[in-house]
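The structure under discussion appears below in the form of structure tokens.
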Amino acid sequence: MTTETQPQTREFQSETKQVLRLVIHSMYSHKEIFLRELISNASDACEKLRFEAIANPSLMGTDEPSVTLIPDAEAGTLTVKDNGIGMSRDEVIDNLGTIARSGTKRFLEGLSGDSAKDSQLIGQFGVGFYSAFIVADKVTVLTKRTDTDAVRWESDGEGSYDIQGADKSDRGTEVIMHLRDDEKEFLEPSRLRQLVRKYSDHLSIPIILKTGDTEETVNQAKAFWTRPKAELKDEDYQAFYKHLTHDSDEARSWALNRVEGNIEYTSLLYLPKRAPFDLFERDPRGGVQLYVRRVFIMDKAAELLPPWLRFMRGLVDTADLPLNVSRELLQNNRTVEKIKSALIKRSLDMFEELSRDKPEEYAEFWTTFGAVLKEGVIDDAGQKTRIARLLRFNSTSSTDDAPTVTLDEYVSRMKPDQKAIYYLTADSLGAARNSPHLEGFGASGFEVLLLTDRIDEWVTSHLHEFEGKTLTNVASAAADVASAIETPEKAAAESTFKDTVERLGKALLGKIASARVSGRLTDSPAVLVAGEFGLSLRMGRILKQAGQSNPFATLPVLELNPKHALVQRLKETTDDAAFADLAHVLYDQAMLAEGGELDDPAIFVRRINKLIVEGLAAQPKIILG
């Protein structure tokens, strides 16, 4: 029975229009993926039916879930039909008329206009149902849930669609593609068999090819992860990965494990090559699929993996959870906690193996996911040391832009009398390499790790030591930092500059905690260092930018290079106003070198101009630097 006799025409959501145009015009070299996408959707519909039938068995009926391909050469149509959950009218509008998906805005912003590059981007995003328009100039959808009236949806993909009631009595969905004249190859049974075996052979749902009165199951119809490992080839794993994630790229590595004992489960983990769009969103959709006795339960079971492994993909199939398991039940379940712990260890095994056997690929992995993996140092105390061995850093001993230095390598190169692992945080690699803080350490032959990710400030606050060596920030005023680069000249200079540093403290009252002679500077006139027990200056800036207060805020210490001409001039300046101007210039220069902002840039410029003019007139040989 129909609930609506006249079709209603509706406009696609604006984002959907953009995606449709790109799908039609950019995916011409990957046409065949439409069948993979539609079969995958149909399989998902069958899995959802199984899940909902747990609570309501009447939904299932007597027929087993399946997907049927029906080529009709006379009509020029290819139909992908399933007897899965079906859709109501509202679900049709939500699922086919809009793209209600995390990352859509970022996806559209990432488009370049280059069809080759955009086709890869579309593949990464996953085109799903809209892929039908790659080969069809019109698509008709007939769908029905058991508990609602049937719906007919039709569009030519040009900006609008028609929706109305339909005469369909059986549950499920039919996607009828009216193929373009140059796409009739997809009506050939041999071509359809080849594509099913290439892309969808791993699905547990039977895929049936119906030609005339003949029906033929063309896939193995057995859950991929239940098949013997010995019969699985690399291309099988890759095909299942693409079905699971809709990623057009291949996985970097994978691990299939079957566990028997107190807990029985099978896990299949994949490490992707590319980052998802929502990797750094506030609420990323991480997690793996959960099955209970091969029945699909949920798509993103975030409870099975911690947030710092949200880029991992895969599934878990267990017999030790009830079929009606909910997210609330997963949150405080001992079985889930044991599986989660095992998945974490398995993931780290994969990273360690990649690092050991394929260092070049590990470097690519680190570039893509390293910042996320660092979160594990903060969140997982039990795995902190193991994760620390996987970290990669830039260093003063390496000229590469890519971070390649490990903590183990650093420790192996430490000087015999060196007590700490030295590091410096900065906003960029260039800023780190040119930082005044490195001058004394470089002159003394100490290697310093250069950390440029924002999260590094939190990582170093949780990773206090490695192999018995403390991690120490060279931008700190701590006594052990100063003592590492102590020089005989510094002790002598402290006496000579005693009055100068006292005057400096008064001139910069409220800006610095104190001033002192530095042993860490060889070229720069001055540098700001964080108080011994305060947060780093960079951490303070990050908190300020995020609108957060700094409960550990302390004033910095200003250190002077007694050999620098500008500092020598400061010492010789007797006029209080001129001394104050020069003191503020030193402070502002040091602040800029730290990547900080000046309170009043205009005053800084005036003071610099004044000093330059006076210097040129009175002492032309003095260089202000």
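Amide H contacts for S514 (H built 1.01 Å from N in the peptide plane; partners 5 or more residues away or on another chain; cut-off under 5 Å): L558. Peptides 439-447, 147-155 ranked from most to least packed by the mean count of surrounding Cβ atoms within 10 Å: 147-155, 439-447.
Between E91 and D72, the modelled labels are 2.4 nm apart [label points 7 Å from Cα along Cα→Cβ].
Only Lys, Arg, Asp and Glu carry charge here, each on its Cβ (+1 for the first two, -1 for the last two); on that basis the chain has a dipole of about 1340 debye about its Cα centre. Compute the acute angle (0 to 90°) between the alpha-carbon long axis of helix 33-55 and the principal axis of greatest extent of the alpha-carbon atoms of the chain; round to the nearest 10°. Helix 33-55 and the main axis of the chain meet at about 80 degrees. Nonpolar atom fraction for the stretch 306-438, defined as the carbon and sulfur part of the 1.4 Å probe accessible area, stands at 46 percent.
Note on E185 and R356: with the Förster distance fixed at 45 Å, the Cβ-Cβ geometry gives a FRET efficiency of about 0.50. Across the stretch 311-319, computed HN-Hα scalar couplings (Karplus, 6.51 cos²θ - 1.76 cosθ + 1.60, θ = phi - 60°) run 7, 6, 10, x, 7, 10, 10, 10, 9 Hz from first to last residue, x flagging Gly and Pro. Note on I603 and A491: their simple-model spin labels are 4.0 nm apart, each label 7 Å out from Cα toward Cβ. Across the stretch 291-303, rounded Karplus estimates of 3J(HN,Hα) from the backbone phi angles (6.51 cos²θ - 1.76 cosθ + 1.60, θ = phi - 60°) give 10, 10, 6, 6, 9, 5, 10, 8, 7, 10, 7, 4, 5 Hz, Gly and Pro being marked x. At 7 Å along Cα-to-Cβ for each site, give me the label-to-label distance between D149 and F129 in nm. Those two pseudo-labels are separated by 1.9 nm. Rolling a 1.4 Å probe across the protein heavy atoms gives the chain an accessible surface of 47 Å² per residue. Taking K and R as +1 and D and E as -1, what net charge do the other residues with C-beta under 13 Å from the C-beta of V527 add up to? Computed value for this residue: -3. Nearest 10 degrees, 0 to 90: what angle lies between the long axis of helix 14-26 and the longest principal axis of the chain (Cα atoms)? The angle comes out at about 80 degrees. Only Lys, Arg, Asp and Glu carry charge here, each on its Cβ (+1 for the first two, -1 for the last two); on that basis the stretch 305-420 has a dipole of about 380 debye about its Cα centre. One decimal place: the segment D167-D236 gains 20.9 nm when fully extended, by the rule 0.36 nm per residue minus the C-alpha distance.
Rounded if a/c is under 1.5, else prolate if a/b is larger than b/c, else oblate: which is the stretch 299-445, with a ≥ b ≥ c the root eigenvalues of its Cα gyration tensor? Prolate shape, in that a/c is at least 1.5 and a/b is the bigger ratio.
Is the shape of the stretch 417-468 best called rounded, prolate or oblate, per the rule: a/c under 1.5 gives rounded, else a/b larger than b/c gives prolate, else oblate, with a ≥ b ≥ c the square roots of the Cα gyration tensor eigenvalues? Oblate is the answer for the stretch 417-468, as a/c is 1.5 or above yet b/c matches or exceeds a/b. Just to be sure I understand, if you calculate mean projected area of the Cα convex hull in nm² for this structure, which of [x] 43.0; [y] 35.7; [z] 28.6 do you get? Read-out from the structure maps to [y].
Between the Cα long axis of helix 334-357 and the first principal axis of the chain there is an angle of about 70°, rounded to the nearest 10. Summing charges over neighbours of D170, with a neighbour being any other residue whose Cβ is under 12 Å away from its Cβ, gives +1 when K and R count +1 and D and E count -1. Let a ≥ b ≥ c be the square roots of the eigenvalues of the Cα gyration tensor of the stretch 158-239; is it rounded (a/c under 1.5), or, if not, prolate (a/b larger than b/c) or oblate? The shape class here is prolate. Would you list, by chain and number, the aspartates and glutamates whose Cα falls below 12 Å from the Cα of K31, excluding same-chain residues fewer than 8 positions away? In chain and number order, the partners are D182, E183, E185. Compared with the alpha-carbon gap, the fully stretched path from Q194 to S444 is longer by 83.3 nm at 0.36 nm per residue. Karplus-derived 3J(HN,Hα) values for the stretch 386-393, using 6.51 cos²θ - 1.76 cosθ + 1.60 with θ = phi - 60°, are 5, 5, 4, 5, 8, 5, 10, 9 Hz; glycine and proline are entered as x. Toward the positive end of the charge dipole of the chain, with +1 on the Cβ of Lys and Arg and -1 on the Cβ of Asp and Glu, the farthest Cα among G382, Q13, L305 is that of G382. Given their separation in residues at 0.36 nm each and the Cα-Cα distance between them, R294 and K506 gain 68.9 nm when the chain is fully extended.
As a calculated quantity, the FRET efficiency between V613 and Q13 at R0 = 60 Å, using C-beta atoms, amounts to about 0.45.
Sorting the segments 263-273, 345-355 by their residues' average number of neighbouring beta-carbon atoms within 10 angstrom, most packed first, yields 263-273, 345-355.
Positive end of the dipole of the chain, charges at C-beta (+1 Lys, Arg; -1 Asp, Glu), about the Cα centre: which of H437, Q548, Q194 has its Cα farthest in that direction? The one lying farthest along the dipole's positive direction is H437. By DSSP, what percent of the beta bridges with both residues in the chain are antiparallel, rounded to the nearest 5? Counting only bridges with both partners in the chain, antiparallel ones make up about 75 percent. Proximity of backbone amide H atoms, modeled 1.01 Å from N, is registered between R252 and L271, K273 at under 5 Å, excluding neighbours fewer than 5 places apart on the same chain.
The values are calculated or read from the model by the stated rules, or taken from the named source; none is laboratory data. The structure displayed is predicted, hence computed values, not measured ones. Note: ideal-geometry Cβ built from the backbone for every residue, glycine included; neighbour counts use all protein chains shown. Please note that ligands, DNA and RNA were not included when accessible areas were found on the heavy atoms of the full protein model with its side chains. Shrake-Rupley method; radii C 1.70, N 1.55, O 1.52, S 1.80 Å.
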